[in-house]
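What follows is a short report on a single structure.
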Amino acid sequence: MPIYLVRHGETEWTVSGRHTGRTDIPLSRRGEEQARHLRKRLASVNFDRVVVSPLLRARQTAELAGLGERAEVVADLREYDYGDFEGWTRDQIEASWPGWELWRDGCPGGESAEEVLARARRLLGELDLSSFRDSALFGHGHFLRAVAAAYLEQSVGICRHLVVPVASISMLGAEHSVPAIVSWGLT
């Protein structure tokens, strides 16, 4: 029952390093190309279930990857709510909040790291992916980290160690019935 975590392709904001949570922006041209490349990599998998964030960049990625018409939009798959830090770069945040760490401090006016992890746990519980052979989740960099932490039954602190590149595929599964990362961040 592998779970494929697919991060959306590049956007103008990912290039500039701006935190893109709830702002609904499209893929860049390069992001569209990246999503089309995902089609080749995912074509050999017969997915039983495909879910996608309601945000445009994730929906476009699923569509261009050839799975859009099968994708079920799931609100809980949306990105971390960065609140007051929406659209800010890490340097801008650091200038006003020295020492800030997303997975420790969360975002003023947005979600805490624990809230994001709780949402990821809820998502996995509601989707009940264990009853499907292969599933794909099209989502966002920070939230997919939280999905991995929830799946592995880890604390939110592990998320700082999991980097999810744009247009990458990660796979969660099991080894000897123990939840495991099978592959991570393949581009």
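Listed by first and then second residue, the pairs with beta-carbon distance under 7 Å, at least 6 apart or on different chains, first residue in the range 62-77 and surrounded by 17 or more Cβ atoms within 10 Å (Cβ to Cβ), second part of a loop (DSSP other than H, G, I, E, B), are Ala62/Ala71; Leu67/Phe47; Leu77/Ser53.
Just one of the listed residues (Glu63, Glu69) is modelled with pLDDT under 95, farther than 13 Å from Val166 by Cβ, in contact with a helix residue (DSSP H, G or I) (Cβ under 9 Å, 6 or more places away or on another chain) and not hydrophobic (A, V, I, L, M, F, W, C), namely Glu69.
Looking for whichever is among the charged types (D, E, K, R), under 17 Å from Tyr82 (Cβ atoms), part of a loop (DSSP other than H, G, I, E, B) and modelled with pLDDT of 95 or more here; the options are Glu111, Glu115. Which one fits? Explain how you work it out, then say what you get.
Details: Glu115 fails: part of a loop (DSSP other than H, G, I, E, B).
Step by step, each of Glu111, Glu115 is checked, and only Glu111 is among the charged types (D, E, K, R), under 17 Å from Tyr82 (Cβ atoms), part of a loop (DSSP other than H, G, I, E, B) and modelled with pLDDT of 95 or more.
Filtering the range 1-35 to residues that are small (Gly, Ala, Ser), in a helix (DSSP H, G or I) and over 23 Å from Ala148 (Cα atoms) leaves Ser16, Gly31. If only residues of the range 155-187 that are touching a residue at least 40 places away in the same chain (Cβ under 8 Å) and in contact with a Gly (Cβ under 7 Å, 6 or more places away or on another chain) are counted, the one that is nearest to Val45 (Cα to Cα) is Ser170.
Screening Ser131, Ser155, Ser170 for residues that are surrounded by fewer than 21 Cβ atoms within 10 Å (Cβ to Cβ) and in contact with a Leu (Cβ under 9 Å, 6 or more places away or on another chain) leaves exactly one candidate, Ser155.
Here's a check for you: in the range 1-56, which residue that is without any contact (Cβ under 8 Å) to a residue 40 or more places away in the chain and of a type in the set (Gly, Ala, Ser) is surrounded by the fewest Cβ atoms within 10 Å (Cβ to Cβ)? Step through it out loud before you land on a result.
Step one: list which residues in the range 1-56 are without any contact (Cβ under 8 Å) to a residue 40 or more places away in the chain, which gives 12, 15, 24-30, 32-33, 36, 39-40, 43-44, 54, 56.
Subset that is of a type in the set (Gly, Ala, Ser): 28, 43-44.
Details: Ser28: 18, Ala43: 11, Ser44: 6.
That would be Ser44.
Going by the structure shown, is Val116 surrounded by 18 or more Cβ atoms within 10 Å (Cβ to Cβ), of a type in the set (A, V, I, L, M, F, W, C), under 30 Å from Glu33 (Cα atoms) and free of Cβ contacts under 8 Å to residues at least 60 places away in the same chain? Criteria met by Val116.
The values are calculated or read from the model by the stated rules, or taken from the named source; none is laboratory data. Since we're looking at a predicted model, the values are computed, not measured. Here Cβ is always computed from backbone atoms with ideal geometry, including for glycine, and neighbour counts include all displayed protein chains.
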